[in-house]
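The block underneath contains the structure these notes are about, expressed in structure tokens.
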Amino acid sequence: MKPLIFGIHGLANKPSKETLEAWWKMSIIEGLVKNCQVSAPTFDYRMIYWADLLHKYRLHDDENFSFDSLYNKEPYIEAKTGSLKEYKESWRDELQRKPLEIIGKSLDSFRLRFEIDVLSNPLLSNLMRDLHFYYDSDRKIKNRQNQPQLMRTVVLNELKQAIREAKDRKIAVIGHSMGSIIAYDALRDLGQSDPDLKVAHLITIGAPLGLPYVKGKIIKERGYDPRVRTPSIVTESWVNYADKRDVIALDAHLADDYEANDLGIQVVDDAIANDYILPNGWPSYHKSYGYLRTPEFSRYIKSFLGL
């Protein structure tokens, strides 16, 4: 059987599942063609879509209603010629990394003692809003069977069920933004409930998994002390791609925080340069389409697919 890619999107409202799924796949294909010279790549891919569980109406791209609050201002746009470039690490990166590690550890300690995240709330209000919703033990929504369940349970079950149904396939799970948290939690849960399941690769892009708020929740829920670890059902690799200008992936070095699982699989951090530019000309270093077509990501997916 051919390998299978699952993608799980991030926070906030989205266009329709069909549109978002197509745009993610177009981004991956664009990267494979431009970065790896793969001609007309084909592969099996499925979007794990949950925006419709939280939003009654989808984003649209009808320019006649561009004033509408549901008008999508961040569509997939093909990269400009020459904009897909490999990240080049500079001497400044190493100078910045050590102070950030020290600050991060201090914030982690502060967060766990006082149950607040002094860094994230002012900078990441949209993410924090969705995360509070996700972690709210009283927040219920309707599942696909129109039955009320905890919001978190409903969203996690979307990915869990998809993985169970594809248990005979070689799987890669791509989680973007809050989708990386959902992917992580779903795989950890499956490791306990379905330990015979295997997910070859976990790929996180623009992930907030390094934020003290998120790590604090994982530690509190799962009883880890002091560090969290790779989900047990990940068998080959976990790679974390982050643009250092992406405020959601504020802590881009997850290897400092997440230990290896029993198979010895530990997260590997890879810095990238997200090229996505909004229609208004402003860069968006967090956008999924930009992550999915970076040279580093394209080479990884090419190898996974055996292209």
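The values are calculated or read from the model by the stated rules, or taken from the named source; none is laboratory data. Keep in mind that what you see is a predicted model, and the values were worked out from it rather than measured. Note that each Cβ is placed from the backbone with ideal geometry, even for glycine, and that neighbours are counted across all protein chains shown.
Ile163 is checked against (1) surrounded by fewer than 18 Cβ atoms within 10 Å (Cβ to Cβ); (2) under 18 Å from the mean Cα position of the chain (by Cα) and fails just one. What number does that condition carry?
(1)
Could you list all residues from segment 223-251 that are among the hydrophobic types (A, V, I, L, M, F, W, C), farther than 26 Å from Asp196 by Cα and surrounded by 24 or more Cβ atoms within 10 Å (Cβ to Cβ)? Don't jump to the end; show me each part of the working.
If we filter segment 223-251 for residues that are among the hydrophobic types (A, V, I, L, M, F, W, C), which is where we start, we get 228, 233-234, 238-239, 242, 247-250.
Applying the additional criterion that residues be farther than 26 Å from Asp196 by Cα yields 242, 247-250.
Hits for segment 223-251 are Ala242, Ala249.
State all residues of segment 17-57 that are buried (at least 16 other Cβ atoms within 10 Å of the Cβ) and part of a loop (DSSP other than H, G, I, E, B); if no residue qualifies, say none.
Across segment 17-57, the qualifying residues are Val38, Pro41, Phe43, Tyr49, Trp50, Leu54.
Restricting to segment 186-207, what's the tally of residues that are over 16 Å from Gln266 (Cα atoms) and part of a helix (DSSP H, G or I)?
Residues meeting the conditions: 5.
Please enumerate the residues belonging to segment 143-159 that are surrounded by fewer than 12 Cβ atoms within 10 Å (Cβ to Cβ) and in a strand (DSSP E or B).
Listed by number, the list holds a single entry, Pro148.
Mind checking which residues of segment 252-282 are within 27 Å of Ala12 (Cα to Cα) and either touching a Gly at 6+ places or on another chain (Cβ under 9 Å) or of a type in the set (Phe, Trp, Tyr) (or both)?
Going residue by residue through segment 252-282, those that are within 27 Å of Ala12 (Cα to Cα) are 252-254, 257-258, 267, 269-282.
Across segment 252-282, the qualifying residues are Ala252, His253, Leu254, Asp257, Tyr258, Ile272, Ala273, Asn274, Asp275, Tyr276, Ile277, Trp282.
May I ask you to say which residue of Gly210, Gly264, Gly216 is in contact (Cβ under 8 Å) with a residue 60 or more places away in the chain, part of a loop (DSSP other than H, G, I, E, B) and closer than 24 Å to Leu190 by Cβ? Don't jump to the end; show me each part of the working.
Working: Gly264 fails: in contact (Cβ under 8 Å) with a residue 60 or more places away in the chain; Gly216 fails: part of a loop (DSSP other than H, G, I, E, B).
Of the residues listed, the single one that is in contact (Cβ under 8 Å) with a residue 60 or more places away in the chain, part of a loop (DSSP other than H, G, I, E, B) and closer than 24 Å to Leu190 by Cβ is Gly210.
Looking at Ser284 and the list (1) closer than 27 Å to Thr42 by Cα; (2) in contact (Cβ under 8 Å) with a residue 60 or more places away in the chain; (3) polar (S, T, N, Q), which single condition is not satisfied?
Of the numbered conditions (1) closer than 27 Å to Thr42 by Cα; (2) in contact (Cβ under 8 Å) with a residue 60 or more places away in the chain; (3) polar (S, T, N, Q), the odd one out for Ser284 is (1).
Take the residues of segment 261-307 that are under 15 Å from Lys85 (Cβ atoms) and β-branched (Val, Ile, Thr): which is surrounded by the most Cβ atoms within 10 Å (Cβ to Cβ)?
Thr294
Given the structure, is Ala249 farther than 24 Å from Phe43 by Cβ and outside any loop (DSSP other than H, G, I, E, B)?
Details: farther than 24 Å from Phe43 by Cβ: yes; outside any loop (DSSP other than H, G, I, E, B): no.
When the stated conditions are applied, Ala249 does not pass them.
Got at least one residue in segment 174-183 being in a loop (DSSP other than H, G, I, E, B) and β-branched (Val, Ile, Thr)?
Let us first name the residues in segment 174-183 that are in a loop (DSSP other than H, G, I, E, B), namely 177.
With β-branched (Val, Ile, Thr) added as a condition, the list becomes none.
Looking through segment 174-183, none of the residues is in a loop (DSSP other than H, G, I, E, B) and β-branched (Val, Ile, Thr).
Scan segment 5-16 for residues that are closer than 21 Å to Ile181 by Cα, surrounded by fewer than 20 Cβ atoms within 10 Å (Cβ to Cβ) and either among the aromatic types (Phe, Trp, Tyr) or more than 16 Å from the chain's Cα centre (by Cα) (or both) and jot them down.
none
Does Asp68 satisfy the condition of being under 27 Å from Gly179 (Cβ atoms), acidic (Asp, Glu), modelled with pLDDT under 95 and in contact with a strand residue (DSSP E or B) (Cβ under 9 Å, 6 or more places away or on another chain)?
It is false that Asp68 is under 27 Å from Gly179 (Cβ atoms), acidic (Asp, Glu), modelled with pLDDT under 95 and in contact with a strand residue (DSSP E or B) (Cβ under 9 Å, 6 or more places away or on another chain).
Could you check Ala273 against (1) part of a loop (DSSP other than H, G, I, E, B); (2) of a type in the set (Gly, Ala, Ser); (3) at pLDDT below 95; (4) farther than 23 Å from Met47 by Cβ and say which number it fails?
Of the numbered conditions (1) part of a loop (DSSP other than H, G, I, E, B); (2) of a type in the set (Gly, Ala, Ser); (3) at pLDDT below 95; (4) farther than 23 Å from Met47 by Cβ, the odd one out for Ala273 is (3).
Out of everything in segment 190-222 that is touching a Ser or Thr at 6+ places or on another chain (Cβ under 9 Å) and of a type in the set (S, T, N, Q), what residue ends up being surrounded by the most Cβ atoms within 10 Å (Cβ to Cβ)?
The extreme case among them is Thr204.
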